Amino acid sequence: MRKVNKAIIPAAGLGTRFLPITKALPKPMLPVLDKPTIQYIVEELESAGIKDIIVVVSPGQEIIGKHFSEAAVLEKRLLSEGKTELYKKATATNGFNVKFAVQKEANGLAGAILSAESLVGDEPFALLLGDELLCAKDGKDSCIKTLKDIYEKTGKSVIATMEVFGSDVEKYGNVGIGKEENDVITVNAIVEKPHISEALSNNAVIGRYVLDGKIFSMLKKLKPRNNEIYLTDALNELAVSGELLASTVKDDRYDVGDKFGYIKANVEIALKSKEIGEDVKQYIIETAERLKK
Ligand code: UTP
């Protein structure tokens, strides 16, 4: 079976839910505590041993590239002052092999994937949405590592799903469940954000995938709907022909492209911080008491 060595991180959306900050700052650079969102995603890839990373950016997002390059003056200064911990932080992202593909127009996720085609070739690749954070439970594999292992065992494209309930099913792609074996589901259909009465299951598609390279030619053959081509349509084709698997994720997931999800991610990650975790906890307890009054 082919190995998964490459990853695409689409980060070229307009980020309209976060205006005005996203006018000048790409959404993946929004910090969760002290790291930009995209750094957490790259670290998830590192945990899966995937080293070749392609970030899809819109024109003018050079600042993302800067985060993955040397900052010579800063590094020299930190070293000369003996600030080794800070030096480690400043250089932690220098070693990744990050390349950039430009999506000229924000015409959707499928368009972002196609922008990276020449850098991926016909290889299988991991796809991680640039605005979703997944935190594996202690001792468990990261989500993308689990998907990578399933692909490398079966040769079939695989998506991450999570259980959602009530009207939340209408917010996500929804999966029809076939055979289920060792926590791996054979998907028999996918529908985009269905009305609750038409949902196929409680399994929602989240932003982690490992896709076979043939997805590129499938995307190119698709007919646009509302002037856009949809990854869901290509995934549904795979599902109908029995070539799509899903793994249900139990990780903590934060949609940091959404304001409430962003605040939750910051609070949870701040609570885990050695530096300020205890202060944040006290602050939350005091605030909760005040709000009860
Ligand atoms: P979203 O639809 O959540 O992000 O896309 P958005 O369009 O940037 O945000 P809003 O809705 O306007 O606030 C999910 C991911 O896919 C990327 C986004 O950057 C995000 O990481 N994306 C989306 C692209 O790379 N290109 C696109 O054309 C659309």
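Please treat every number below as a calculation from the coordinates, not as lab data. The shown structure was predicted, so the numbers you read here are calculated from the model rather than taken from an experiment. Cβ: placed from backbone, ideal geometry, glycine included. Neighbour counts: every protein chain shown.
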The extension gain from PHE96 to SER118, computed as 0.36 nm times the residue separation minus the Cα-Cα distance, is 6.0 nm
If one compares the long axis through the Cα atoms of helix 277-292 with the longest principal axis of the Cα atoms of the chain, the angle in degrees, nearest 10, works out at 80
Length gained, LYS223-ALA72, 0.36 nm per residue minus C-alpha separation, equals 49.6 nm
Among LYS179/LYS250; LYS223/LYS264; LYS193/LYS264; LYS83/LYS274, the pairs whose Cα-Cα distance exceeds 26 Å are LYS223/LYS264
Excluding residues fewer than 8 positions from LYS293 in its own chain, the lysines with Cα under 20 Å of it are LYS281
Under 5 Å from the placed amide H of LYS6, counting only residues 5+ away or on other chains, we find ALA126
Heads up, segment 1-156 by the C-alpha gyration tensor (a ≥ b ≥ c square roots of eigenvalues; a/c under 1.5 rounded, else a/b over b/c prolate, else oblate) looks oblate
If the label point sits 7 Å along Cα→Cβ of VAL267, residues of segment 22-36 with amide N under 11 Å come out as none
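Divide by every residue of the chain the summed helix terms, -39500 (n - 2.57) for each DSSP H run of at least 4, and state the resulting mean residue ellipticity at 222 nm, rounded to the nearest 500 deg cm²/dmol.
Helix-only estimate at 222 nm: -10000 deg cm²/dmol.
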Taking 0.36 nm per residue of separation between ASN5 and LYS51 and subtracting their Cα-Cα distance, the length gained on full extension comes to 15.9 nm
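Is the C-alpha gyration tensor of segment 55-95 telling us rounded, prolate or oblate? Criteria: a/c under 1.5 is rounded; beyond that, a/b larger than b/c is prolate, otherwise oblate.
Taking the square roots of the gyration eigenvalues as a ≥ b ≥ c, segment 55-95 is prolate.
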Projecting the Cα atoms of TYR87, VAL57, GLN103 onto the charge dipole of segment 1-146, where Lys and Arg contribute +1 and Asp and Glu -1 at Cβ, the residue farthest towards the positive end is TYR87
